[in-house]
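The values are calculated or read from the model by the stated rules, or taken from the named source; none is laboratory data. Since this is a predicted model, take the numbers as computed values, not measurements. Glycine gets a Cβ as well: all are built from the backbone with ideal geometry, and neighbour counts include every protein chain shown. When the accessible area is computed, the model is the full protein with side chains, heavy atoms only, and any ligands, DNA or RNA have been set aside. Shrake-Rupley method; radii C 1.70, N 1.55, O 1.52, S 1.80 Å.
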Amino acid sequence: MYLNVSSSPHIRDSVTTRRLMGDVVIALIPALVASYFIFGVRAIILTLITVASCVFFEWISRLIMKRDNTIHDMSAVVTGTILAFCLPAGLPVWMAIFGAFIAIVVVKEMFGGIGSNIANPAIVGRIVLGMSFGSEMNSYSVIGTLAGETGTDLVATATPLALSGDQAASYLDLLLGRHGGTIGEVSAAALLLGCAYLVLRGVIDLWIPATFVVSTGLFMWVLGHDPIYHVLAGGLLLGAIYMATDYVTSPTTTKGKIIFGIGCGLLTGLFRGFAASPEGVSFAILLMNIMNPHLERWTRLKTIGGVDYVA
Amino acid sequence: MFFKKTSRAIGVHPPQNKGTQGMAFVEVNGFKTITIPLNLQVGPGCSALVKKGDPVKVGQKIGEPLGHWSVPAHSSVSGTVVSVKKEILSNGSVADLVAIESDGQQTLDESIKPPAVTDKASFLSAIRDSGLVGLGGAAFPTHVKLNPPDGKTIDTLVINGAECEPYITADDQIMRTRADRIIKGINLVCHYLDISRCLIGVEDNKPEAIKALNDAINSHAGELKAGISVVSVKTLYPTGAEKVLIRYLTDRIVPENGLPADVGVVVLNVGTVSFIADVIDTGMPLIRKFVTVDGSAMNRHGNYDLPIGAPIEDVIEAVGGAKEPIGKVIMGGPMMGVAIDDIRHPILKHTNSLIMAGEKGAKIPKEWNCIHCGRCSRSCPMMLMPSELDMAARQENIDELREFHVMNCIECGSCTYVCPAKRYLVQNIRIGKNLYRQAARKAAK
Ligand code: SF4
Ligand code: SF4
């Protein structure tokens, strides 16, 4: 009889990387649906293309580097969706594909694939696109019924962060997404719905998103801005819920998460309050990603009953 | 911090699968040949007292302990010795194996009589003569445990009735049906060791056991030698691990590399302590074991009373056989048990369950990259960071292993259980511990 001899434990939990990533994809669906009503079918098409390119790039680079195929873990789908959510619906398709290339090949696979990257691939993809194609990345368009437009033409508008005074969107507009912005960031309500799902499924906890959002709001309030407006507008919720909580590039301990969230919040506040660009979420998260290994070291758990050796 | 950190429960919730809960022990006999290894415990074993052709009786001593740590071995059947030879055991060590062909008579050895116990020394020697080792799974000789080194005062006896491993219900059943024996055993230990407090830790998924224990305490209220209380602990793996249970029950922290005696505690399993009552009353040595037999590959499952030394192969047949090809045999629970390489291995003193998995259940998942999700750290009862220990072990980085307190890992396997990337965390940490021990030994030279 052939008996399998392996070291204990002999049973494993049913949670896999694939299930966790699948849950993130599910959590992103409400925002995708909202984007259809706000920007029309182009938003969906651009998202699908970005996702497909991410999966393709992961598959081909693993193949070239002779590594085990990992596309079944769904992480490329997550990266693709989040990257697409950072793009304006009217962006030329080839630019989106270029962004996917940067995210997957340069940021993720060249560092060793899932788990080994130091920065969030989607964020770097977004930043590179923003720096390379500034005007395309900043022309937001609104279409369709929710936007209140009658025509079917794409209407270029500014993001609510660039607006001021009477032009500014109402809280309801921000919640529903009746304003300019990238595909995924506009509807705060849809993003919060996805957040609730992730928390209920135990995929993320609220430490990072909550500290991130609260510290940004407080910072803006101190600077004399409307904190709620700043929380709901722009890419803050998308970043706080889906990008800053990326396992690979954020701390694992509660203490680390709190510091990470506050750091992201303060940096976002600095960018929004003082820098020329009103959008600072991506840069804030990127900087904190780079800090992450240090945060991990500073906030390492203290084992119960550990005895310190004298060398 | 805001919460009392030491007693906060940390662990995992594997599916319990305690389908045998409440099933009475069925005595199984009639094994044709039994094989008894002469080192059924931690530490050195025994030298054989019998040779091929010798007749033996039930309870007869067949192995003389080597050194103070060891306990004798006894025959669990009457019959004839057919061989004494060295063999590899299920845990990988090599020892003399005495094979006895049963005559089916179960004739009792005449020398078995209640021991004369008057003081601590005679109490401990009676326990030692019975061959008792920790029945919960560690097989640590009980007489050594009950005799802590000078300078360590024991003020608390902790009785482990947590039984946090999935599948196993033997201890639960012992508590339900032998609560009186448990209380009697506690009384004896507390009396001879002069211990004033006893805490019995039972997981809250065993309400019947808790009730039986409380009833037994109440009915013996007049004769108790110590304050005995039953503490219901949250059902969470690995509550039954010694260090963890002590922490939950007494708020004391056993230091890394330390023993419970360092914090004034002795821990005994419910099976062990109830056996102490039996042996003081009857003098019958440890030759039978209560075992849960379960697993997806089996036709039936249940709790059994088996002779030590019965070959697992025959046990499987005797309790109803397998319904599909067996892919893995686990001695102990699925979280910490040992997967054995041959079903002819015998039931040991510390075997508390046999789990037969089918071929599907025997599959080992493929390992992927760590996604840094932190689930392993959040599930570690010792608050270690398993992913870092795993890396340090893979890189054979002794300094990091020390810095991350590798020796504080209790090898509970919670980290590996929860890991979504299916990393072999505790497996590598075990290797890391060995590397660390080797390095420490070298440094000491
Ligand atoms: S590191 Fe050790 S003690 Fe911690 S969960 Fe893993 S096996 Fe258990
Ligand atoms: S649980 Fe697994 S994937 Fe998550 S941090 Fe630990 S080792 Fe990495």
Flag for residue B:343 being near ligand 1 (Cβ under 10 Å from one of its atoms) and surrounded by fewer than 23 Cβ atoms within 10 Å (Cβ to Cβ):
no
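Show me the helices (runs of 4 or more DSSP H) found entirely inside segment B:353-422 where at least 1 residues are within 14 Å of ligand 2 (Cβ to nearest atom) and open to solvent by less than 10 Å² (accessible area, probe 1.4 Å).
In segment B:353-422, B:375-379, B:386-394, B:414-418 are the helices (runs of 4 or more DSSP H) which contain 1 or more residues that are within 14 Å of ligand 2 (Cβ to nearest atom) and open to solvent by less than 10 Å² (accessible area, probe 1.4 Å).
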Within segment A:64-91, residues surrounded by fewer than 24 Cβ atoms within 10 Å (Cβ to Cβ) and assigned to a helix (DSSP H, G or I) come out as A:64, A:71, A:72, A:77
Take the conditions away from ligand 1 (no atom under 16 Å from the Cβ), in contact with a helix residue (DSSP H, G or I) (Cβ under 7 Å, 6 or more places away or on another chain) and open to solvent by 10 Å² or more (accessible area, probe 1.4 Å) and apply them to residue B:350. Does it pass?
no
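Counting just the residues of segment B:423-445 that are among the basic types (Lys, Arg) and part of a helix (DSSP H, G or I), which one comes out nearest to the other protein chains (Cβ to nearest Cβ)?
The selected residue is B:430.
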Among strands (runs of 3 or more DSSP E) entirely inside segment B:22-141, those with 3 or more residues being surrounded by 14 or more Cβ atoms within 10 Å (Cβ to Cβ) are B:33-37, B:61-65, B:79-88, B:94-102
* To do: Answer yes or no as to whether residue B:184 is touching a residue at least 24 places away in the same chain (Cβ under 8 Å), part of a loop (DSSP other than H, G, I, E, B) and assigned by TED's automatic domain parsing to the domain that holds residue B:16.
  => no
Looking at segment A:92-107, is at least one residue buried (at least 17 other Cβ atoms within 10 Å of the Cβ) and more than 19 Å from the chain's Cα centre (by Cα)? no
query = If we scan segment A:234-243, do we find a residue that is surrounded by fewer than 19 Cβ atoms within 10 Å (Cβ to Cβ), in contact with a Leu (Cβ under 9 Å, 6 or more places away or on another chain) and in a loop (DSSP other than H, G, I, E, B)?
reply = no
